[in-house]
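Structure first, commentary second.
The values are calculated or read from the model by the stated rules, or taken from the named source; none is laboratory data. Quick caveat, the model's predicted, so the values are computed rather than measured. Note that we place each Cβ from the backbone using ideal geometry, even for glycine, and neighbour counts take in every protein chain shown.
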Amino acid sequence: MTNNTSGSNMPVWAESKRGPSHPALKADISADVCIIGAGIAGLSTAYLLGQAGKSVVVLEDGEIGSGDTGRTTAHLSTALDDRYHELERLHGGDLTRIAAESHSVAIDTIEAIVRAENISCDFERLDGYLFVPPEGDLLELEEELQAAQRSGIIVEWAVRAPIESFNTGPCLRFPRQGQFHPLKYLYGLVSSIERNGGKIFCSTHAADVQGGDPALVRTSDGPSVRASAVVVATNAPISETYGLYTANSAYRTYAIAAGVPRGSITRALYWDTPDPYHYVRVQGDGSHDWLIVGGEDHKTGQADDFDERFERLESWTRERFPKLEAVDFTWSGQVMEPVDGLAFIGKHPVGKRNVYIATGDSGHGMTHGTIAGLLLRDLITGNTNRWARLYDPSRITIRAFAELTQENLNVAEQLADWVKDPDVASIDQIAPGQGATLQSGLMKLAVYRDESGAYHRRSAVCPHLGCIVSWNSSEKSWDCPCHGSRFDPYGNVINGPAKDNLAAPENYSPLLKAAALLLESSTSLSTNFLGKLLTLGIRIR
């Protein structure tokens, strides 16, 4: 597997065999449903629609699982990161019970698909343990215990998590959680989709999505797909979703994998409660196990201490798991964090007819992606699904307005990058294999110097809404600090919501005008947001 659509660092799953290869789309094609994205949300939707008798076409910019599904740590959990007591505050008890139910059904669905399709992906059921750090407040766990139980989740107190090397103290035990190898699971879905007549095209960039009857997807190389329905399952939506990107923030999360003696750590899921928190699991691999640990999250494009974050993860892990061997894998992934803690899954929020989206994994991409498949299957086939109201992309959760305002004020702060000094004063200061921003007259450039010493210049202005990108020296990418769009070293888009590449310097002026307009209007974004959404008929709850 190559993760050419997400970053240069290879995750532990890269050890697995390469998935099936698929050609690029070369000619116009039609289908009942066109799905953009071959991660877990896209392929789960394709599989379930195929089972329902629909013809499907899947378009993938890179390879199968080469986006963020291939960079997950693959926890299958009903213990939600945003906590049930917080979801109750935001959504009320009835909808929180639906959230709990949907994640439980998602794990059951993955297990059923694994069995029905005989997918060898290391799926297993195991317990999960939530614990506080040393000197942490157990009242937080008590509050979560009660809220989770009210939501229908089976959870109980445990004296400690089953880790011999350190004592977590009293913790919550969530039985019947799960884990699997995400890429092996995707490869199994691919085989089943194609056996049902589905068609999958890789190295195919969806450049434009048009609603209608039929809907239309245009690719950057020319061929188009006409379909009765289009599903945008690209982690961050690439179709225009006015307002949605302001309620759905992008974060980078970090992970390491190191060998440990086989059987030395009890196989379970482990999570602690700080912010940012840590998440731990074990993956078997022949004669030894991999210990996989993640954490150290930050908003995309708003940090430059990547090495220190990996070092902190390793230090935290070695302190608690002294049998840890050398760290062989370090990588990061993109998490879309909705302001009210739950994914956006359903019809396009501002009326692109027959276009559907799935985004906002909130750290639970494997279950949210499977929920997307189940819910979108029902919406597209005309069946009722009681989860639809909860995950409706048109929703605005009034109780999350403070979080919404805070996120958008953070976005507004990033516009100061227009007047900040660039990373370097001279192009000669850029080391081979690295990138930096550079001022050239009125222009801000994103300059990458490749290993041979050649320079590659692009506009540093994100084509989504005009923010200034920053260099990610860990994943060798340009990351937008406003809404999380990401670009490879040469400026090619690899993560939405941007659809287009960083512009060539000669095309800078139009972007400069767009950015000036954004600067002029940004201060009123949060205060006008609800009013604008109301005029569009967005549903408030």
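Side notes on the structure shown:
- Of the residues screened, Tyr277 is one that is surrounded by fewer than 19 Cβ atoms within 10 Å (Cβ to Cβ), in contact (Cβ under 8 Å) with a residue 12 or more places away in the chain and on the phi < 0 side of the Ramachandran plot.
- Selection of the range 311-339 for residues being under 15 Å from Tyr254 (Cβ atoms) and free of Cβ contacts under 8 Å to residues at least 60 places away in the same chain yields Glu311, Arg312, Leu313, Glu314, Ser315, Trp316.
- Just one of the listed residues (Leu80, Leu90) is in contact (Cβ under 8 Å) with a residue 60 or more places away in the chain and part of a loop (DSSP other than H, G, I, E, B), and it is Leu80.
- Selection from the range 350-362 of residues that are surrounded by 24 or more Cβ atoms within 10 Å (Cβ to Cβ) and within 10 Å of the chain's Cα centre (by Cα): Thr359, Gly360, Asp361
- Looking only at the range 438-456, and only at residues there that are modelled with pLDDT of 90 or more and of a type in the set (Ser, Thr, Tyr), the one that is nearest to Arg486 (Cα to Cα): Tyr448
- Test for Ser165: is it of a type outside the set (Asp, Glu), within 30 Å of Ala31 (Cα to Cα) and surrounded by fewer than 22 Cβ atoms within 10 Å (Cβ to Cβ): no
- Selection status of Ala303, touching a helix residue (DSSP H, G or I) at 6+ places or on another chain (Cβ under 8 Å) and either assigned by TED's automatic domain parsing to the domain that holds Ala258 or not acidic (Asp, Glu) (or both): yes
- Within the range 99-117, the presence of at least one residue that is in contact (Cβ under 8 Å) with a residue 60 or more places away in the chain, touching a Phe, Trp or Tyr at 6+ places or on another chain (Cβ under 9 Å) and in a loop (DSSP other than H, G, I, E, B) is confirmed.
- Of all residues in the range 292-337, those satisfying the criterion of being touching a strand residue (DSSP E or B) at 6+ places or on another chain (Cβ under 8 Å) and part of a helix (DSSP H, G or I) are Phe306, Arg309, Phe310, Arg312, Leu313, Glu314, Trp316, Thr317.
- Looking only at residues in the range 169-198 that are buried (at least 19 other Cβ atoms within 10 Å of the Cβ) and without any contact (Cβ under 8 Å) to a residue 60 or more places away in the chain, the one that is nearest to the chain's Cα centre (by Cα) is Arg173.
- Qualifying residue in the range 128-143 (condition: among the hydroxyl-bearing types (Ser, Thr, Tyr), surrounded by 23 or more Cβ atoms within 10 Å (Cβ to Cβ), modelled with pLDDT of 95 or more and within 30 Å of Leu48 (Cα to Cα)): no
- Qualifying residue in the range 218-229 (condition: on the phi < 0 side of the Ramachandran plot, of a type outside the set (Gly, Ala, Ser), surrounded by 19 or more Cβ atoms within 10 Å (Cβ to Cβ) and modelled with pLDDT of 95 or more): yes
- Put simply, of Val335, Val350 the only residue that is of a type in the set (A, V, I, L, M, F, W, C), over 20 Å from Leu48 (Cβ atoms), at pLDDT below 95 and in contact with a Leu (Cβ under 8 Å, 6 or more places away or on another chain) is Val350.
- Selection of the range 294-309 for residues being in contact (Cβ under 8 Å) with a residue 60 or more places away in the chain, buried (at least 16 other Cβ atoms within 10 Å of the Cβ) and not polar (S, T, N, Q) yields Gly294, Lys299, Gly301, Phe306.
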